[in-house]
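Inspection log for the structure reproduced underneath, given as structure tokens.
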Amino acid sequence: AIENATTYAKLEDSYIQLKELDEFKEAMTVMIIHDFKNDLNTVINFADGYPSERRMKSIKQAGLHMLTMALNMLDVQKFEETQVKLTLHKDSISKMIQEAIKQVSFLVLQKSIKLTYELKSNLFSEFDFELVSRVIVNLLINAIKYTPENGSINIKSDVEESIIKISISDTGEGIPADKLDIIFDKFSQVNSKKAG
């Protein structure tokens, strides 16, 4: 009887985990499709008009945003199977962050967000430029989504005991204190209303 109860409890745990995974995948799919739709609409709408420099920049940024999302989806599987190989080179941290800022500048402009940065210009480190840049882009896109119009986002770099720290803060509603411990859990998502 004890063995049956243990087996039942394990099956119930597995069922709950599968249900949570299914709900997470459904929520992620809806979110990704919504984000792709926004960028595709930008490309389609701007492509119809006169090819001004502003329109071309918007099309390029929407394309880069879609590429980032596609690469993120592909990387999920690679990380699951631990197949990600880092390409390490010594490079400038401020250069990498400024490249990331360029990729989201149109989104910042659309919501009239004030984006400021305090970057130490002489910071160099050995890191995977593309992958870390994509992490920064993802954090910035998230900050833009949840920051109200005319809000602000600040990026800061600092060094503490030879460790380079990059922080991104915004004037959005933030993550509730009781949810902070789950944000890095697999298949976890903190539900929050997007700002605009």
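Tabulated data for the structure shown
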quantity	calculated
Accessible solvent surface per residue of the chain, calculated while the other protein chains remain in place, 1.4 angstrom probe, Å²	70 Å²
Whole-number percent relative contact order across the chain, with pairs defined as alpha carbons under 8 Å at least 6 apart	17 percent
Size of the chain as Cα extents on the principal axes (Å, biggest first)	73, 49, 34
Ile163/Leu71 FRET efficiency (R0 30 Å; Cβ-Cβ; nearest 0.05)	0.65
0 to 90° range, to nearest 10: angle between helix 2-48 axis and the chain longest Cα axis	20 degrees
³J(HN,Hα) computed for each position of the range 124-137 - Karplus, 6.51 cos²θ - 1.76 cosθ + 1.60, integer Hz, glycine/proline x	10, 8, 9, 7, 7, 4, 5, 5, 5, 4, 5, 4, 5, 4
Two-decimal Rg to Rh for the range 78-180 - Kirkwood Rh, Cα set	1.00
Leu74 accessible area, 1.4 Å probe, all protein chains in place, Å² to nearest 10	110 Å²
With at most 14 neighbouring Cβ atoms within 10 Å, loop chymotrypsin sites (Phe, Trp or Tyr not before Pro) (DSSP) excluded, longest segment of the chain	1-183
Cut-off under 5 Å, modelled amide H: who pairs with Ile153 long-range	Lys114, Leu115, Thr116
Estimated vicinal HN-Hα couplings, Hz - the range 89-101 in sequence order (Karplus 6.51, -1.76, 1.60; Gly, Pro = x)	9, 6, 8, 7, 5, 5, 4, 5, 5, 5, 5, 5, 4
Cross-link table Lys60/Lys114; Lys57/Lys179; Lys10/Lys145; Lys37/Lys120, entries beyond 29 Å C-alpha to C-alpha	Lys57/Lys179; Lys10/Lys145; Lys37/Lys120
Accessible surface of the chain, 1.4 Å probe, proportion on carbon and sulfur as whole %	56 percent
Antiparallel %, DSSP beta bridges [both residues in the chain], to 5	70 percent
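The values are calculated or read from the model by the stated rules, or taken from the named source; none is laboratory data. The structure presented is a predicted model; accordingly, all values stated were derived computationally and were not measured. Ideal geometry is used to build each Cβ from the backbone, glycine not excepted, and the neighbour counts take in all protein chains shown. Please note that ligands, DNA and RNA were not included when accessible areas were found on the heavy atoms of the full protein model with its side chains. Shrake-Rupley method; radii C 1.70, N 1.55, O 1.52, S 1.80 Å.
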